[in-house]
1. Ordered by packing density, taken as the mean number of other Cβ atoms within 10 Å over each peptide's residues, highest first, how do 286-298, 174-186 rank?
2. Return the distance in nm (one decimal) between the two label points of a simple spin-label model at residue 226 and residue 341, each offset 7 Å from Cα along Cα→Cβ.
3. Rounded, prolate or oblate: pick one for region 113-196, where a ≥ b ≥ c are the square roots of the eigenvalues of its C-alpha gyration tensor, a/c under 1.5 means rounded, and failing that, prolate if a/b is larger than b/c, else oblate.
4. Using 0.36 nm per residue, how much length does the chain from residue 53 to residue 77 gain when fully extended, once their Cα-Cα distance is taken away?
5. Put a dot 7 Å past each Cα toward the Cβ at residue 356 and residue 186; how far apart are the dots in nm?
6. Return the label of the correct value of Cα extents along the principal axes in Å, as calculated from the structure shown, out of (i) 72, 49, 32; (ii) 63, 49, 39; (iii) 56, 44, 33.
7. Indicate, rounded to the nearest 5 percent, the antiparallel portion of the DSSP beta bridges found entirely in the chain.
8. Please list 47-54, 191-198 highest first by mean number of surrounding beta-carbon atoms within 10 Å per residue.
């Protein structure tokens, strides 16, 4: 893992040099002029009302200041967006694509990059606000699930797996995966996870894989189908042990993270989880969870990554998409995004290096009662290579899918 992070940091450093240097020299005003009057169709997951509201706020700001209209096309699975762009390419649609900007990372980015579905490399470095991105300390802003971004997707926010519990009902939460299993056995029906291929369910599988695999270094390389079963055997032994003790005996699953949060609020679950360290505090601020809910992580670390926005190769409104992406990187937008009652999504910026007045905006944020400090969030486990996602989802579905509702 240390070797992977070192390599990522090295590549990130090279990208910083390559991408940030020309940004100030390019004619950003020409981009603004081209963007004025454009309508950007932003295809982004629409399953969280708070995030949807934030996207709409950002759209209003950009339309007011730059005359760029942004339409949020709500999607349930980004893989469908990738398929749509691929279908357009297959029929020779080089312009006028239906997707101008997409919220993306991981296997979906890898697929778009591999199939030549992205705008030309390096555009991210032309964004004026790229200068504020913390490439040195947050290497995943330039390395997406082990795949270099090559300036083809703009970082939007940081993510890390965290667990939530109600301290009024559970005094001491589990400290590792085995502790979670033992808790589930002692308290059947009080824990569950969304059914893969839901993003959160797959993330739980990746966390469990990282905690059970004999050698984590194999996860940084593409899946070797010849020994996948052997490599994943400890994971599925764990899941087999856990499965009968899940909520509804594993015959049904929460729909998504919001559903888990509601089940926690309704006292049906004792433990839920999120990929947003500020999620619990945000839910408390919005009256969705009781004030006694707190956040915890495993002692050995949890999966973390960066999420991005990317421009497809055949977008007719690339200038407008760049303007919106640049705004999403602005200190104002990043500050608002990190406020718990708005979204609680951690920033990709190097706050310490910001101008004093903009740094003060971040310093003034009250992260809320359930948000862990950076020190308490613990180590970040790198995402496996994108090919592990499909392999895990297929194996899980073959094993448990037929028995679910």
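1. Working: 286-298: 18.5, 174-186: 16.1.
Listed from highest to lowest mean packing, they are 286-298, 174-186.
2. 5.9
3. Numbers: a/c = 3.83, a/b = 2.48, b/c = 1.54.
In terms of gyration-tensor shape, prolate.
4. Full-extension gain reported as 6.7 nm.
5. The modelled label-to-label distance comes out at 5.3 nm.
6. (ii)
7. Just about 65 percent of them are antiparallel.
8. Numbers: 47-54: 16.6, 191-198: 22.4.
Peptide ranking by packing, descending: 191-198, 47-54.
Bear in mind these aren't lab numbers, they're just calculated from the coordinates by the rules spelled out. Treat the numbers as computed from the prediction; the structure is a model and nothing was measured. Cβ sites come from the backbone with ideal geometry, for glycine too, and all protein chains shown count toward neighbours.
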